[in-house]
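Worksheet: one structure, shown below.
The values are calculated or read from the model by the stated rules, or taken from the named source; none is laboratory data. From a predicted model like this one, the values you see are computed outputs, not experimental measurements. Ideal geometry is used to build each Cβ from the backbone, glycine not excepted, and the neighbour counts take in all protein chains shown. Areas reflect the complete protein model, heavy atoms only, side chains present, ligands, DNA and RNA absent. Shrake-Rupley method; radii C 1.70, N 1.55, O 1.52, S 1.80 Å.
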Amino acid sequence: MVTLTIDGRKVTVKEGTTILEAARQAGIKIPTLCYLKDINQIGACRVCVVEVEGRDQLAASCNAPCEDGMVVRTNTQRVRDTRRLNVEMILSKHNSSCTSCVRSGNCTLQTLARDMNVLELPFPIKPIYREWDHSYPLIRDMSKCVNCMRCVSVCDKVQDMHVWDVTGTGARTAVAVRDRKDIMDAGCTFCGQCITHCPVGALRARDDTLKVFDAIADPDKITVVQVAPAVRAAWGEDFGMSRDEASVPRMVAVLKAIGFDYVFDTDFSADLTIMEEGSEFIERMTHPGEYPMPMFTSCCPGWVRYVKIRHPELAGNLSTAKSPQQMFGAVTKSYFAKKIGVDPEKIFCVSVMPCTAKKYECAVEAVNDAGAGRDVDLSITTREFVRMTKACQIDPMTIGEAEFDDPLGEGTGAAVIFGTTGGVMEAALRSAYFLITGENPDADAFSGVRGLDGWKERTFKAGDITVRTAVANGLGNATKLIDAIQSGKVHYDFVEIMACPTGCGGGGGQPIEEGKELGGARGQKLYALDRTSHTRFSHENSCVQRLYEEYLGAPLSHEAHHLLHTDIKEWKL
Amino acid sequence: MSRLRIYTPDKSQAIVDNLYENLQHRIEVAPQGNCPVELTDAFLRLCLAQSCGKCVPCRVGLTQLSALVEKILEGEGTAQDMMILEKASHAIVDSSDCAIGREAARTVLECLKGFRDDFMSHLNTGRCMSSFSAVPCVSFCPAHVDIPGYIALVRAGRYADAVRLIREDNPFPSVCGLICEHPCENHCRRNIMDASVNIRGLKRVAVERAGHVDAPKCAPPTGKTVAVIGGGPTGLTAAYYLALMGHSVTVYERRKKFGGMLRYGIPRYRLPAKFLDEDINVILSTGIEAHTNVEIGKDISFSEIQEKFDGVYIAIGAHSYKKLNIPGEDAKNVMSAVELLGAMGDEEPMDMTGKNVVVIGGGNVAMDASRTALRLGAKSVKVVYRRRQSDMTALAAEITGAIAEGVELVTLQAPVAILTDESGAARAVQVKPQIPGAYKGGRPTPMNADLPEEEIPADIVVVAIGQAIEFGHFAEAGIAASRGGTLQADTSGAVAGANGIYAGGDCASGPATVIKAIEAGKTAAANIDEYFGLHSEIAFDVDIPQALSKVRGASGRCNMTDRPAAERVHDFDLIEYCMTDEQAHQECTRCLRCDHFGYGSFRGGRKEAW
């Protein structure tokens, strides 16, 4: 332990703690811009500088370790002046068209400039502009980049994908896609972690809200929206609502107020996924040697892209079951259209997802099978859903409550935990146990797969069958896990992987809050919803049961294969 | 009113001088990986700042060149711009009135040719190809030793850890602590402030304070076998890392002892045997099978080795010598420096008592030979060199050391013959005075001056004009040689067309430094391992102390000190003193920790394995 004085207060911290963290522990605020704890502590923006007695230069508190007896001052004239000057320098290279920026009101640089009372810039403003195809799911605006390198570090250190790189040196140093490639050819999974860790508006997901409004306004279109599990754990954050206040009925009421004709739940198709994927898993387990093992989950499009990019040889290990988003679209434009007696061409299917890769997924030819345009016409992020709510001037606190529509609105507790790491595995095991033994396990029997560790492994028994499972979140952990499988160090039967750290709770489409990783807290909300749900087993979803009775027959049936599975081994990116 | 005045620089001129000095420091450190196109532009702007502005090509021309380069840097350049850039540069070279404009444009032309790919990348993709190297000392060290890491360990008093850390990349810490040419220091960022950290000196501190440090454990046996031919620095480096990777290694050495040029080329007063033996013993302790007195082609054929081993590393060094090709060279008492120093390695010193010795050459070997001759009792030692002292390739410290001990430099004299007495022994070197001519390869070519030839009396003549490689047997075995007389190997060390045969060190690169030999050995070890289809890592398992307070303000560098010349010239004991604890501590605190500050905290601070 070392003891130092910060602004006259004695602070004792562990050796190796940075001045910034020590100050935070003491409740002293130091502004930051490029800092991301443990991921990007590079002292590049020099906004976090502080005075250290005995040193002739200010220190970047984000990467200067505390030393015993150190005397630090965080709020002197010299510190304030220097921080402001550095912010002014950053602003001279930043396209501050805040009024038309997606991050307006949620921009770290904007907050810094406001807090530091930057009113007139002493330097001419000369951002660098570069072209970018705005039809891509991920959009980069060079003119707003502040070279904080967070995207580079997140992609390198957390996701281990190395899509972003630094190009040039000196005044022209810039972030760019690696090897001078186009982002579409750079091996990007579109996980969106660079977006959620960008402090400004330099990285964003494509905005599709205007197209959604167009569809709602079109009298010839029947608009159907599905909401992914993790969205309900995060959507209220931007409205300052607590996780309890941001309830599912309020969320449904908001979607109805926006004007969707039918508000459904992706939980429904998550339960359907479990029926298909669970049955597929039992098929694989009971026919050793016939299928590549372990079986990988396939509901995360970032992960599926990862496999296709990094390990095409493992594509056969992916479950052929489509993701809940795509199953939902396929069922909507077939079963549901038939049920309400409309031409599926008239249905406009929208998904609200915690995800940026879903925008890419819904456009993949091979996962569109209902034959009426795209099964899911548009996928929007939680953030876009929030923006649509604001565009409609809806106050979610006073809007009241509403229920999901029938028949694609029913979901179980097993489905809702899809939105957090380990959830798909747990849900699948609950139903697989039933399918193998004919009876339900204790709903919490598989809670061992919960938790935010990057790579967990557990072994369970269902009847005579022993299932060795592994769960990983974050692509950096996925890489480690795959390497271990391929080198024969570990052996599993069933592996769940989510591209984003903590799973969809920390998804690339989720609301952004500077300096906070909220995936874990959002996951807890999903577990709470699971505990209180009417049933916690996918195979008990009555709407899913009805779908099989009325339309599909049984899991893995011919029709189920046509609509709900894809030849995942074959199609290319 | 005075008619003439004595020039006294005013305050502003003093600052201008200081500015130039700072600029010089910055140029000296030359970081690795900056955008060369950007640098071209900066160069042009500096040239413009030095222009008087009288003539069009310089005043306007250089401005336009800079504008074009800027346009290209902004990603807005066209092929037409590149053409104009080139044409205009030619016009400026052709029509400038003085060197300011002419040489600026000439340099731009060189840039356009030298790094055209960088220009084209900016032009075609709007992006730069360069990528900055975070830690200059590490990137300029051929073996990429973690220098800030071991300096931090020395500062913390963890000397054995420092030695372990150095050995991750270089198994010759004791040797390099004494005789490394330390290219790391040339680019030390501290040079921008005052002078580089005394990196080599700190390495010696680590080694001396640590005492014996065991080698790490070898990886489990892989079942692969490697023969290393030549027990010099590159051969032993490769053998060491291959052994650590778990391969079974056999080293064949032609001479009585291991060490190669370290033993048979470098005099003991620079590298005492106990330092060399310490490194070699640690290397061999990894379970390497070591054979001395075995000559390939005589005692065992190369094809036999090829059959017996899965991989071969040819590391035979450059133990032959170049000849002057002048009359009298075969006379009695004429020898090569390789022979003289080689005999010293086997502890069979020649007696030179009372002799007048002439050493011909201007490199480090010439200095080693002349200083050895003094220690062997020579009455006088003259180094005869056909260029100027400043053109000598020997390190400045070696030259001043030799002069201090009494070696006389005779420069701008080209030997034309060795004159003999009636017994056929050398009696003098006949020389022709020279005058420096036009530059070629960075040095002026000496030309015959309009002066008569002279005679320099010599009882013994030592020729030190370069080494050569003997590879007759390998040539017969089909290993190709380059026009320069070296074995042909690519940058991975692989010999073309020969599976599993690698070559490196002096025999492949031509005579070079020990650290370059170590680089070659390390490279060969990694690539032989890859050739086996493996990827055995040499991993880094020493934790490095965190970077603490920055040191600001200039602080003088503690240089190494030597024993007094009058004393040391009589023996072969080590001439250099080690740093004191006080000096070592100061040098450690002068390290700017580029692994942590600057780009190091973002990328490239530390490689954990190779």
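Residues that are surrounded by 22 or more Cβ atoms within 10 Å (Cβ to Cβ) and away from chain A (no Cβ under 14 Å) number at least 1 in the following helices (runs of 4 or more DSSP H) confined to the range B:96-146: B:99-114, B:136-140. Scanning the range A:515-546 for residues that are over 20 Å from A:Ala414 (Cβ atoms) and either at pLDDT below 95 or open to solvent by 50 Å² or more (accessible area, probe 1.4 Å) (or both) turns up A:Gly515, A:Lys516, A:Glu517. Scanning the range A:1-43 for residues that are at positive phi, surrounded by 15 or more Cβ atoms within 10 Å (Cβ to Cβ) and either at pLDDT 95 or above or of a type in the set (D, E, K, R) (or both) turns up just one, A:Asp7.
For the range B:376-397, residues that are surrounded by fewer than 21 Cβ atoms within 10 Å (Cβ to Cβ) and not in a strand (DSSP E or B) total 12.
State which residue is farthest from the other protein chains (Cβ to nearest Cβ) when the search covers only the range A:143-172 and only residues that are of a type in the set (Asp, Glu) and in contact with a helix residue (DSSP H, G or I) (Cβ under 8 Å, 6 or more places away or on another chain). Write out each step before concluding.
Looking only at the range A:143-172, we keep the residues that are of a type in the set (Asp, Glu), and these are A:156, A:160, A:165.
Those still in the list that are in contact with a helix residue (DSSP H, G or I) (Cβ under 8 Å, 6 or more places away or on another chain) too: A:160, A:165.
Numbers: A:Asp160: 15, A:Asp165: 8 Å.
Per the stated criteria, the residue is A:Asp160.
In this structure, B:Asp81 does not satisfy being more than 14 Å from chain A (Cβ to nearest Cβ), surrounded by fewer than 16 Cβ atoms within 10 Å (Cβ to Cβ) and modelled with pLDDT of 90 or more. Here B:Glu422 does not qualify as over 15 Å from B:Lys355 (Cβ atoms), open to solvent by less than 20 Å² (accessible area, probe 1.4 Å) and more than 24 Å from the chain's Cα centre (by Cα).
For residues in the range A:46-92 being within 14 Å of another protein chain (Cβ to nearest Cβ) and basic (Lys, Arg), which is least open to solvent (accessible area, probe 1.4 Å)?
Applying the filter and picking the extreme gives A:Arg55.
Considering only the range A:173-195, state which residues are within 14 Å of another protein chain (Cβ to nearest Cβ), surrounded by fewer than 20 Cβ atoms within 10 Å (Cβ to Cβ) and under 22 Å from A:Asp208 (Cβ atoms). A:Asp182 - this is the single residue of the range A:173-195 that is within 14 Å of another protein chain (Cβ to nearest Cβ), surrounded by fewer than 20 Cβ atoms within 10 Å (Cβ to Cβ) and under 22 Å from A:Asp208 (Cβ atoms). On inspection, A:Val146 fails the criterion of being in contact with an Asp or Glu (Cβ under 9 Å, 6 or more places away or on another chain), at pLDDT 95 or above, closer than 24 Å to B:Cys128 by Cβ and buried (at least 17 other Cβ atoms within 10 Å of the Cβ).
Looking at the range A:71-110 only, could you name the residues that are aliphatic (A, V, I, L, M) and more than 33 Å from the chain's Cα centre (by Cα)? Of everything in the range A:71-110, those that are aliphatic (A, V, I, L, M) and more than 33 Å from the chain's Cα centre (by Cα) turn out to be A:Val71, A:Val72, A:Val79, A:Leu85.
Criterion applied to B:Thr400, B:Thr411 was being over 20 Å from B:Ser336 (Cα atoms) and surrounded by fewer than 21 Cβ atoms within 10 Å (Cβ to Cβ), and the one residue passing it is B:Thr400.
Within the set B:Gly157, B:Gly149, the sole residue that is surrounded by fewer than 23 Cβ atoms within 10 Å (Cβ to Cβ) and of a type outside the set (Phe, Trp, Tyr) turns out to be B:Gly157.
Among the residues of the range A:547-561, which ones are surrounded by 14 or more Cβ atoms within 10 Å (Cβ to Cβ) and not in a loop (DSSP other than H, G, I, E, B)? Outline the logic, then answer.
Within the range A:547-561, the first condition is being surrounded by 14 or more Cβ atoms within 10 Å (Cβ to Cβ), and the residues that meet it are A:547-548, A:551-552, A:555-557, A:559-561.
Selection gives A:Leu547, A:Tyr548, A:Tyr551, A:Leu552, A:Glu559, A:Ala560, A:His561.
Which of the residues belonging to the range B:428-477 are open to solvent by 50 Å² or more (accessible area, probe 1.4 Å), assigned to a strand (DSSP E or B) and of a type in the set (Gly, Ala, Ser)? Within the range B:428-477, just B:Ala438 meets the criteria. Looking across the range B:516-540 at every residue that is within 14 Å of chain A (Cβ to nearest Cβ) and touching a residue at least 24 places away in the same chain (Cβ under 8 Å), the one that is farthest from the chain's Cα centre (by Cα) is identified as B:Leu534. Set side by side, the residues B:Leu23, B:Leu73 differ, and just one is over 27 Å from B:Ala195 (Cα atoms) and either at pLDDT below 95 or touching an Asp or Glu at 6+ places or on another chain (Cβ under 8 Å) (or both), which is B:Leu73. When every residue of the range A:305-318 is checked against the conditions, none turns out to be under 24 Å from A:Arg546 (Cβ atoms) and open to solvent by less than 20 Å² (accessible area, probe 1.4 Å).
When residues in the range A:34-45 are screened for being without any contact (Cβ under 8 Å) to a residue 60 or more places away in the chain and within 11 Å of chain B (Cβ to nearest Cβ), 2 of them pass.
Quick grid of which residues meet (1) at pLDDT 95 or above; (2) polar (S, T, N, Q):
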| position | (1), (2) |
| --- | --- |
| A:Asn95 | yes, yes |
| A:Cys98 | yes, no |
| A:Arg103 | yes, no |
| A:Ile128 | no, no |
| A:Asp133 | yes, no |
| A:Pro137 | yes, no |
| A:Arg140 | yes, no |
| A:Cys155 | yes, no |
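Residue under question is A:Leu452, and the condition is that it be under 26 Å from the mean Cα position of the chain (by Cα) and open to solvent by less than 20 Å² (accessible area, probe 1.4 Å); does it hold? Please lay out each step first, then the result.
Working: under 26 Å from the mean Cα position of the chain (by Cα): yes; open to solvent by less than 20 Å² (accessible area, probe 1.4 Å): no.
In short, no.
The helices (runs of 4 or more DSSP H) found entirely in the range B:255-308 that carry 3 or more residues being without any contact (Cβ under 8 Å) to a residue 40 or more places away in the chain and either touching a helix residue (DSSP H, G or I) at 6+ places or on another chain (Cβ under 9 Å) or of a type outside the set (Gly, Ala, Ser) (or both) are B:273-284.
Residues are listed down the side, and each one gets a yes or a no for (1) open to solvent by 70 Å² or more (accessible area, probe 1.4 Å); (2) more than 14 Å from chain A (Cβ to nearest Cβ); (3) in contact (Cβ under 8 Å) with a residue 40 or more places away in the chain:
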{"position": "B:Val542", "(1), (2), (3)": "no, yes, yes"}
{"position": "B:Pro545", "(1), (2), (3)": "no, no, yes"}
{"position": "B:Tyr577", "(1), (2), (3)": "yes, yes, no"}
{"position": "B:Glu582", "(1), (2), (3)": "yes, yes, no"}
{"position": "B:His585", "(1), (2), (3)": "yes, yes, yes"}
{"position": "B:Cys591", "(1), (2), (3)": "no, yes, yes"}
{"position": "B:Cys594", "(1), (2), (3)": "no, no, yes"}
{"position": "B:Tyr599", "(1), (2), (3)": "no, no, yes"}
{"position": "B:Ala609", "(1), (2), (3)": "no, yes, yes"}
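For the range B:486-506, the criterion of being part of a helix (DSSP H, G or I), out of contact with any Asp or Glu (no Cβ under 9 Å at 6 or more places or on another chain), modelled with pLDDT of 90 or more and crowded, with 18+ Cβ neighbours inside 10 Å is met by at least one residue.
Annotation for the range A:386-396: at least one member residue is out of contact with any Ser or Thr (no Cβ under 7 Å at 6 or more places or on another chain), open to solvent by less than 10 Å² (accessible area, probe 1.4 Å) and of a type in the set (S, T, N, Q).
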